[in-house]
Amino acid sequence: MLDLHEATGEFLPKAPRGDPPQYRSTFRRLLAATIAVFAMMSLSPTLAQNHQHGAAPAEAQATTAPVATDKAAPPAGVPAATASVSYHNPTTFTLRTGIATGRMVYIGVGGDIDGKINPTLMVHEGELVQINLINGEGAEHDVVVDQYAARSSVVVGRNASSTFAFTASKVGEFAYFCSIAGHRQAGMEGLIQVMAGPREAMASDAADVVRDPADLPGPIGQRGSKVVRVDLETVELVGRLDDGATYTYWTFNAKVPGPFIRVRVGDTVEVHLKNPAGSVMAHSVDFHAATGPGGGAHATQTDPGNETVVTFKALKPGIFVYHCATPSVAHHITSGMYGMILVEPEGGLPQVDREFYVMQGELYTVEPFGSNGALEMDYDKLISERPEYFLFNGAVGSLTKSHPLYATVGETVRIFFGVGGPNFTSSFHVIGEIFDNVYSMGSVGSPPLTGVQTVTVPPGGATIVDFKVDRGGHYVLVDHALSRAERGLAGYLIVDGPENDDIMHAGPADAPAQ
Ligand SMILES: [Cu+2]
């Protein structure tokens, strides 16, 4: 049975990186099955009993959300084997034998160990380690790692080479050495350091650019109109795109999407746009909530080290997108420069128990989806609309592993959902739920639609959906163009509380679930 720990782990099994195509197609079949299972499991009768989180008030959610780890078990429906198989290419080291300061030694060749004497070989638990040995000076040598019962064959003669491999299943420091009599004592000895945990953790050095969906200001409700100051900073930073992958994001205030801005109709909005001196690009901001040239973009083209100010009157209520509008605009948007502003109608929106902030965008990288390393933007793919990634709030796993949405049975939930894009329309849907009210096209001046399954949201557009959560379980936010779930697009709404079998139960109508 699914529990919270599993649910906040990897919903989408990781696409194996650099593996043969047939493995990828297997992955895709698994993924389709996983989504189907989740659609069912979100209504499973015993599900809600298995977790305790989600009852925290909205303000405290960011701190009560459990920290997901890469070690979380895969969700039900994914064979366990997919979680235990290492997808890594072997971690390869090359050592050349030689003489240094009168001693026999190994000398590192290539990578981090290049030129180092008896280099320390750093690997991660579970990795397949391959060591190439090259005979550099002609005497007989080998390499032995006793703890792994692993050894190369003896290389005889200059430039002879040998390769061996082992799985670093034990954490710790182990010696490698030459077993030819006297050579270890003469200096041919070094260390292998096996660090705990998978290598994916390395990418956690990169900044977390994900905007917590619970990070938005509370309702304004009844007050007179006034001047509201908004401070935006255009921050360019290397952020974590996925386990093992980073991307150079351009952002408003270092998160994707930018800050949720909340004003009321009739307010005067004074926007200060600051571009730090260390930036590479000029940036600007176009508010769809504004009336006037470029939505403010003309007044806010801001070079690195400068600050600009634009003021506009919020004439119309509604939920609106804002985005950078500096050419190439699509490049700035795809890199993360979008957010939303809510202009509340007089008196505010109907009250709900929880509000969330989610935006969708695409990323166009040179490297295919699932690649490791520092990924780069591909301009050809961008202008021909061939994305590699589809993302909620800026990164893969943003709303599944790191920041799921939490609610409790009986509460009303509101999602402000927008599309930064730059190019793809979303068919926004929550698997296992029906939207009670939809403010289509982000309009709050018209009565909401009721009883809606899926809402279409164009790039540069937004919507507001409200619904009461009637039953405990795990619900999944998707774009119902579900191929995009294979490219990173999924989120969880985890609803704590009792299941209600009147609404749904497994089995026939006259046989209620136990
Ligand atoms: Cu920009």
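Separation of the alpha carbons by more than 30 angstrom is noted, of 313/381; 255/381; 274/313; 170/401; 116/401; 401/468, for 313/381; 116/401. Annotation: the residues 92, 326, sorted from fewest to most other C-beta atoms within 10 Å of their own C-beta, follow the order 92, 326. Roughly what % of DSSP beta bridges within the range 206-274 run antiparallel, to the nearest 5? Percentage antiparallel, nearest 5: 50. Measuring r between the beta carbons of residue 453 and residue 163 and using R0 = 45 Å, the FRET efficiency lands at 0.20. Arranged from fewest to most other beta-carbon atoms within 10 Å of their beta carbon, 434, 113, 333 become 434, 113, 333.
The slack between residue 207 and residue 130, meaning 0.36 nm per residue of separation minus the straight C-alpha distance, is 24.6 nm. Note on the range 227-496: with charges restricted to the Cβ of Lys and Arg (+1) and Asp and Glu (-1), its dipole about the Cα centre is near 340 debye. Using the Kirkwood radius over C-alpha pairs as Rh, can you work out the diffusion coefficient of the range 227-496 via Stokes-Einstein at 37 °C, viscosity 0.692 mPa s, in µm² per second? The Stokes-Einstein estimate is 175 µm²/s. Taking the number of Cβ atoms within 10 Å of each Cβ as an exposure proxy, the fewest-first ranking of 104, 504, 337 is 504, 104, 337. Assuming charge only on the beta carbon of Lys and Arg (+1) and of Asp and Glu (-1), the dipole of the range 91-197 about its Cα centre is about 200 debye to the nearest 20.
Read-outs: derived from the displayed coordinates by stated rules, not from any lab. If you're wondering where the values come from, they're calculated on a predicted model, not measured in any experiment. Note that each Cβ is placed from the backbone with ideal geometry, even for glycine, and that neighbours are counted across all protein chains shown.
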